[in-house]
Amino acid sequence: MASLAVVRGDVVVAQSELNSAIVDGRLLLPRDHARLHQKVNPMFYDFFDSPIGPLVLVGDDDGALTQLHLPKGGEPGHVAPEWKRAPARLRETRAQIAAYFAGKLLTFDVPLAPRGTEFQRTVWDELLRIPYGDTISYADLARRIGKPSAMRAVGAANGANPIALIVPCHRVIGADGTLTGYGGGLPAKRWLLDHERRYAPAPLLELRP
């Protein structure tokens, strides 16, 4: 039996296959073997027409949401050509988003599978703990994950959040209460925060202009 080696995350190939080889007339290097043996996980998407513009919802074959893209210039965000449109697979996510925009849902309950580094996932997990209608600063976020001096890295991870809205990166604002950058644009960020303040269980302070 050939010994096994782990190559690039959870891709497992035979040790004997790590040498160069000719396949279909093309020289394959070790990194190509990893690609050959990597399982392709199909992705499914659908659109949601929201008050802040068309959203793109993306899920995997396990039923988890992997991405939620905000509109760009009023148009839907990125849709990869290999993704398959499958509204039925994202029906529950669509229903919860509709309830959120109607002010009837304060906490999402859909399986999430964002892809990122361990540090990024730590930041995204902490974002999920920010209550509906509340906001924190980047410094607060850095302190909450035990990295008070990593504000810049925390800000970058916040900006790289692949599941906007549901993983609420819009609830992170400047230390003085002013809005900061947002992938969907500052008008969308202000709309979301004003919407949540309108339906939050207790009134909160208004944002400064």
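Any read-out appearing in this document is the output of simple, stated calculations on the displayed coordinates, not a laboratory observation. Just so it is clear, the model here is predicted, and its values are computed rather than measured.
Under a 5 Å amide H cut-off, with hydrogens placed 1.01 Å from N, T180 pairs with G174 among residues at least 5 apart or on other chains.
Per the Kirkwood formula applied to alpha carbons, segment 41-209 shows a radius of gyration over Rh ratio, Rg over Rh, of 0.95. Where both partners of a DSSP beta bridge lie in segment 41-209, what percent of those bridges are antiparallel, to the nearest 5? Bridges in segment 41-209 are about 70 percent antiparallel. Taking amide H atoms as placed 1.01 Å from N in the peptide plane, the amide H of K72 lies under 5 Å from those of G77, each 5 or more residues away in sequence or on another chain.
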